[in-house]
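Novice: Pasting in a structure now, in structure tokens, and then I'll have a few things to ask.
Please treat every number below as a calculation from the coordinates, not as lab data. What you see is a predicted model, and the numbers here were worked out from it, not measured in a lab. Note: ideal-geometry Cβ built from the backbone for every residue, glycine included; neighbour counts use all protein chains shown.
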Amino acid sequence: MSMSEASVILIVIVLLLISSNEAASIQSGSRSILRAVSSENKAQVDYAVDLNSTNFDAVLRNTPAAHAIVEFFAHWCPACRNYKPQYEKVARLFNGPDAVHPGIALMTRVDCALKINNKLCDKFSVSHYPMLFWGPPSKFASGGWEPKEEKSEIHVIDDGRTAERLLNWINKQLGSSYGLDDEKFENEHLPSNISDLGQIARAVYDVEEATFFAFEIIREHKMIKPHTRASLIKFLQLLVAHHPSKRCRKGSAEVLVNFDELCPPDMWSPAKQEAVNDDKGMLGNFQICGKEVPRGYWMFCRGSKNDTRGFSCGLWVVLHSLSVRIEDGESQFAFTAVCDFINNFFICEECREHFYQMCSSVTAPFNTSRDFALWLWSTHNKVNERLMKEEASEGTGDPKFPKIIWPPKQLCSSCHLSSNQRENGVGQIDWNLNEVYKFLTGYYGETLASLYKEKDRLGDEVTDGAIADLVASTNAVVVPVGAALAIALASCAFGALACYWRSQQKNRKPRRSWN
Ligand SMILES: Cc1cc2nc3c(=O)[nH]c(=O)nc-3n(C[C@H](O)[C@H](O)[C@H](O)COP(=O)(O)OP(=O)(O)OC[C@H]3O[C@@H](n4cnc5c(N)ncnc54)[C@H](O)[C@@H]3O)c2cc1C
């Protein structure tokens, strides 16, 4: 073969490769749309198309549909999980080759809990989960949405809480009368699961993980506003004094003593925004529980499915572990700090609404830590009771961790006064509240950190410093908020003095040359 023949063949191969690449990228949108429905396992099919920052523009630009719906959600958000089947019922009508009404609307979703989607969710000013938008697909591609933008062709779907309501909303936009076909979500046969005492020891990792994510969410969603700053400061005070992990106590103290610099009142102004994103000063990517956190996995709170348990379970454990560590004199403070924190910073809208209702129904102030710990316990049980029914009918719970009224007899038999109670509701169980409180303080106090203690006794190598930290905190159990603040301020003042002294030293002597 001559040189010129060889080069012609080479050019043809290159051209073929380029054109096949182009075809692949053009088709990537439609392929991802079809991805769900082409799977052989029909039972696990999702009709709504999962998008992320890498394919969002391409898919929306190439879709043949006249309209698009984008759901911004977070995979850990329980309300989003419960909403998913509703969204899917509607998506089944419009998406995929078997769509009942093809080409009308493309239904998509974007997981804002994935780092890769941070900027994308920001562009649409996502303020709560799930948040739904409607508009021409091309306007989503390379577009965005601002709350005050009046002429935008992208609209927030403000009434899509159920499949019926979402479809009604769409019908109003289109002047159509589409209906939902009957769709049954079969309940899984849920095996009974009772967490054993040993498992809570693993939650020491999860309280750190959950604390990190709580602040990460606050930062990512710009939730520090003039009217929410005070409640964040209050909750930080609680963490500084009573978080079971010393690393988280330290990190919280650091945020608190530098609060005005890390979270200035105008922190979300365009000028400061850049600094936040660049991690230069301000909250940036501040790791509130130290460099090792987040680890990226859950121990005690790990679900049997990807999208169950995790953060919301971890947050409950943080709250319970705080409730058993406070002093009597702090009980009302802790109650308001927890209620306000959840109300202002728990991004699951349904959860915070329900929780705040329960907070608001408390009429007398708390005088003892026992009362507050028991209130939190019974409030959690009320949530469990409601979710038991919801999850059973929607099939959205974790089959390995069905909701139960807690603690079951297997965990604390003395907590149950009557031995033949039916555990189908908190009202049906006759509790021995002294025993329940004793159990809570053991479970969320001593036992929660026993894993670390055990390792310590065996002389295991402590690689991350967490073992000593956690044991110390759990044994100390209570450090009043004021004292902890004083310690944090004193250590800060000491640091400042050291800095000042060092700068004085530098100023006094001319800089020494090392070469
Ligand atoms: C403040 C708050 C409010 C929420 N509100 C809602 C809501 O309105 N709707 C919704 O869908 N989801 C809500 N969630 C989420 C929901 O409660 C669960 O966290 C989520 O479904 C994961 O459940 P899980 O099986 O991991 O157990 P979780 O309920 O998260 O519990 C975690 C662990 O705590 C222990 N536990 C269980 N009950 C109690 C109790 N009574 N006292 C002490 N310890 C207990 C158990 O060991 C359990 O494994 C809320 C979460 C929080 C933190």
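Novice: Set the Förster radius R0 to 51 Å, insert the Cβ-Cβ distance between Leu174 and Asp266 as r into 1/(1 + (r/R0)^6), and round the FRET efficiency to 0.05. Mind showing how you got there, number by number?
Specialist: Working: r = 43 Å, r/R0 = 0.83.
FRET efficiency, Leu174 to Asp266: 0.75.
Novice: If you don't mind, there's one more thing I want to ask. For Glu435 and Gln287, calculate 0.36 nm times their separation in residues minus their Cα-Cα distance, and state this gained length in nm to one decimal.
Specialist: Details: separation 148, 0.36 × 148 = 53.28 nm, distance 3.75 nm.
Answer, rounded to one decimal: 49.5 nm.
Novice: Where does the charge balance sit around Leu256 when Lys and Arg score +1, Asp and Glu -1, over other residues with C-beta under 14 Å from its C-beta?
Specialist: On the way: positive: Arg229, Lys234, Arg249, Lys250; negative: Glu254, Asp260, Glu261.
Once positives and negatives cancel, what remains is +1.
Novice: What are the ³J(HN,Hα) values, in whole Hz, obtained from phi via the Karplus relation 6.51 cos²θ - 1.76 cosθ + 1.60 with θ = phi - 60°, for each residue of segment 334-348 in sequence order, with x given for Gly and Pro?
Specialist: Along segment 334-348, the couplings run 5, 4, 5, 4, 5, 4, 5, 4, 4, 5, 9, 10, 8, 6, 6 Hz.
Novice: Taking amide hydrogens as modeled 1.01 Å from N in the peptide plane, which residues meet the under 5 Å criterion relative to Trp431, leaving out close sequence neighbours?
Specialist: Leu417
Novice: For Leu106, list long-range residues whose amide hydrogen, built 1.01 Å from N in the peptide plane, is under 5 Å from its own amide hydrogen.
Specialist: His67, Ala68, Ile69
Novice: Another question, then. Can you list the HN-Hα couplings for segment 295-309, worked out from phi with the Karplus curve (6.51, -1.76, 1.60; θ = phi - 60°), rounded to whole Hz and with x for Gly and Pro?
Specialist: Computed from phi, the couplings for segment 295-309 are 8, x, 8, 10, 9, 5, 8, 6, x, 7, 10, 4, 9, 10, 6 Hz.
Novice: Taking a ≥ b ≥ c as the square roots of the Cα gyration tensor eigenvalues, with a/c under 1.5 meaning rounded and otherwise prolate when a/b beats b/c, else oblate, which class fits segment 28-174? Before the final figure, lay out the partial values.
Specialist: Details: a/c = 1.25, a/b = 1.23, b/c = 1.02.
In terms of gyration-tensor shape, rounded.
Novice: Work out the FRET efficiency for Thr336 and Glu153 from their Cβ-Cβ distance, taking R0 = 30 Å, and round it to the nearest 0.05. All intermediate terms of the calculation are to be shown ahead of the outcome.
Specialist: On the way: r = 43 Å, r/R0 = 1.44.
Efficiency, rounded to the nearest 0.05: 0.10.
Novice: With r defined as the distance between the Cβ atoms of Gln428 and Thr363 and R0 fixed at 25 Å, what FRET efficiency is calculated, to the nearest 0.05?
Specialist: Numbers: r = 24 Å, r/R0 = 0.98.
It comes out at approximately 0.55.
Novice: Please compare each pair in Lys382/Lys438; Lys382/Lys409; Lys123/Lys225; Lys250/Lys305; Lys389/Lys438 to a cut-off of 22 Å on the Cα-Cα distance and tell me which ones are over it. It would help to have the intermediate numbers written out before the result.
Specialist: Values: Lys382/Lys438 20 Å; Lys382/Lys409 18 Å; Lys123/Lys225 19 Å; Lys250/Lys305 33 Å; Lys389/Lys438 29 Å.
Cα-Cα > 22 Å for Lys250/Lys305; Lys389/Lys438; rest within.
Novice: Can you run phi through the Karplus equation (6.51, -1.76, 1.60; θ = phi - 60°) for segment 136-142 and list ³J(HN,Hα) in whole Hz, with x for Gly and Pro?
Specialist: Running phi through 6.51 cos²θ - 1.76 cosθ + 1.60 with θ = phi - 60° gives x, x, 5, 6, 6, 5, 6 Hz.
Novice: I've got another one for you. Show me the GluC sites (Glu not before Pro) within segment 94-185 that DSSP assigns to loop and that have at most 16 other Cβ atoms within 10 Å of their Cβ.
Specialist: Values: sites: Glu149, Glu150, Glu153, Glu164, Glu183; in loops: Glu149, Glu150, Glu153, Glu183.
Passing both the DSSP loop test and the Cβ count: Glu149, Glu150, Glu153, Glu183.
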